Amino acid sequence: MATTEFSRRQLLKAAALAAAGAAPAAGALPAAAATPRWQNWSGSQSANPRWQLHPESLAELREALAVAPTPIRPVGAGHSFSPLCPTAGTLVDIGALRGLVSYNEERLRARVRAGTPIRDLGPMFNEIGQALPNQGDVDPQTVAGACGTSTHGTGRTLGSFSSLVTAAQLLTPQGDMLEISENENAEWLPAVACNLGVLGLLTEIELQNREPYRLEEVLGTAPLRETLANFAALSRDARHFEVFIFPYSDTLLTKTLRETTERPTPEPEFSVPDSEIFAALTRLGHGVAPLDGPLQKALTALYPSSRRVGDSWRIFPSDREQTRFNEMEYELPFARGIECLAELLTAIRKADLNLMFPLEVRSVAADTAWISPFYRQDSLSISVHQWVGADHRPLFALAEPILRRHGGRPHWGKMHTLRAADFAALYPRWEDFSRLRRELDPAGRMLSPPLREMLV
Ligand SMILES: Cc1cc2nc3c(=O)[nH]c(=O)nc-3n(C[C@H](O)[C@H](O)[C@H](O)COP(=O)(O)OP(=O)(O)OC[C@H]3O[C@@H](n4cnc5c(N)ncnc54)[C@H](O)[C@@H]3O)c2cc1C
């Protein structure tokens, strides 16, 4: 990712020029700032913002935002597939604002700077006798980014990151620094807990943790039909249960995590689908299209089962770097999820789409964040992925109407085609969120064209 660091001196100079009504003169900012390039993880989103900020202090952030070209868009680790971050105005990366701020031993809460990557939280929280209750598939995302889109893992009783937010510090587009917690501006907590970066810049976030724990991970295979028929029971029986479904195979992959007090085991040597072998098979399956079905069958037949035990934060994340993809994900009312999944699998087989990535199916507990896809809804989460080397549009165009017909709400960080009117129908508190957004950002300084379509 191309980055252009603005020094404090350069920012102040630009700020002074802007305040005086003048455009920054040539040389006021680094030459490369004119054409900085930003891309998200999959390369599906890119931007050439006029300003790309990497503030190192709150004061610096505040001064720069007052004069920054709009739209102003915060960015975390760039792991969202949807157009939440791109802007022609100002891209603000608060990655330098990271680390532990404070913690409460009794209530098991910890306050961190919003740019802290999730992968730093495991060891950091362990030191203070705390741990995240759950995590998603990978851990490079920032805490602000994860709360921004209700990032989640799997677990019938476990909510998304939005469900963990107990307080936050927000720099509004108008330059006010607000504390939002049980004691101050408490009514806005359900809005900041899932906020898409449109209410302002989050600078600190407090999370509800639990005591540290170990997990036993068991990876294996199981028959497709029976496993889906028993999905509700299987996901009730284990703390975390999820399946990966290669659509042209009748065998699926299972991942089950249970809490344990056993000693940690050594790491297994082989893991699918993140390995180099999977990367090579993906290329083969796309290079010679009729091979994707047989390859999926072979992969699931030969998949080695494995077991390991370790600290929760070591067990949760997988490595997804080898074979990049684009993704669509919808959160279905739990009771309707399996029926929807069956219809989707039938449709993919019928369309005979060239595809090497599995569907991922998880469960997520309801939360109360106003625009969280899990708002007051225990959910079954269905993700479809397409390799970055292939056109994702045929698969996503096939999947989305089915996912919507069964009452699904899209993951904010993944691809979808929904607009403001669609969301207004999906979220009972949509208007409350919109009213607060207008109050905090009356001039729409944080709205890029795609966000305008989604929110206004
Ligand atoms: C390989 C991969 C695996 C993934 N696995 C999962 C998974 O298991 N579960 C899941 O739910 N999702 C998953 N995702 C999606 C990802 O977790 C979300 O899109 C998440 O929001 C990305 O976090 P980020 O730090 O990259 O934020 P970005 O994508 O950079 O930004 C996300 C949102 O947060 C806002 N934001 C960022 N910083 C701030 C700030 N300081 N203040 C206010 N707003 C801010 C942005 O404006 C944007 O709206 C995955 C994505 C990838 C690429």
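The values are calculated or read from the model by the stated rules, or taken from the named source; none is laboratory data. Since the model is a prediction, treat every value here as computed from it, not as a measurement. Counting neighbours? That spans all protein chains shown, and the Cβs are built from the backbone with ideal geometry, glycine included.
The number of residues in the range 428-444 being assigned to a loop (DSSP other than H, G, I, E, B) and crowded, with 20+ Cβ neighbours inside 10 Å comes to 0.
Of the residues making up the range 74-121, those that are hydrophobic (A, V, I, L, M, F, W, C), touching a Cys at 6+ places or on another chain (Cβ under 9 Å) and near the ligand (Cβ under 7 Å from one of its atoms) are VAL75, ALA114.
Per the conditions (1) farther than 23 Å from SER448 by Cβ; (2) surrounded by fewer than 23 Cβ atoms within 10 Å (Cβ to Cβ); (3) over 14 Å from the mean Cα position of the chain (by Cα), the sole criterion not satisfied by ASP176 is (1).
Each residue in the range 122-135 was checked for being among the aliphatic types (A, V, I, L, M) and within 11 Å of the ligand (Cβ to nearest atom), and 0 pass. Here is the figure for the range 108-136: residues that are free of Cβ contacts under 8 Å to residues at least 12 places away in the same chain and closer than 16 Å to ILE205 by Cα total 0. The test for being surrounded by fewer than 20 Cβ atoms within 10 Å (Cβ to Cβ), modelled with pLDDT of 95 or more and touching a strand residue (DSSP E or B) at 6+ places or on another chain (Cβ under 6 Å) does not hold for LEU403. Answer with yes or no whether PHE81 is touching a strand residue (DSSP E or B) at 6+ places or on another chain (Cβ under 8 Å), in a helix (DSSP H, G or I) and buried (at least 22 other Cβ atoms within 10 Å of the Cβ). Criteria not met by PHE81. The listed residues are SER312, SER305, and the only one of them that is surrounded by fewer than 13 Cβ atoms within 10 Å (Cβ to Cβ) and away from the ligand (no atom under 14 Å from the Cβ) turns out to be SER305.
Taking the range 382-423, which residues are among the aromatic types (Phe, Trp, Tyr), outside any strand (DSSP E or B) and in contact (Cβ under 8 Å) with a residue 60 or more places away in the chain? Residues satisfying the conditions are PHE396, TRP412. On the basis of being within 14 Å of the ligand (Cβ to nearest atom), crowded, with 19+ Cβ neighbours inside 10 Å, closer than 30 Å to LEU284 by Cβ and not assigned by TED's automatic domain parsing to the domain that holds GLU331, does MET454 make the cut? No; evaluated as a whole, the condition is false for this residue.
Take the conditions within 15 Å of the ligand (Cβ to nearest atom) and aliphatic (A, V, I, L, M) and apply them to ILE382. Does it pass? The answer is yes for ILE382.
Taking the options ARG50, ARG62, ARG73, name whichever one is surrounded by 24 or more Cβ atoms within 10 Å (Cβ to Cβ) and touching a Gly at 6+ places or on another chain (Cβ under 8 Å). Unique residue meeting the criteria: ARG73. Close Cβ contacts (under 7 Å, 6 or more residues apart or on different chains) running from residues in the range 137-148 that are within 6 Å of the ligand (Cβ to nearest atom) to residues that are hydrophobic (A, V, I, L, M, F, W, C) and assigned to a helix (DSSP H, G or I) comprise GLN141/ILE118; ALA146/ILE118; ALA146/PHE161. Set side by side, the residues GLY43, GLY89 differ, and just one is in contact (Cβ under 8 Å) with a residue 40 or more places away in the chain and over 24 Å from ASP139 (Cβ atoms), which is GLY89.
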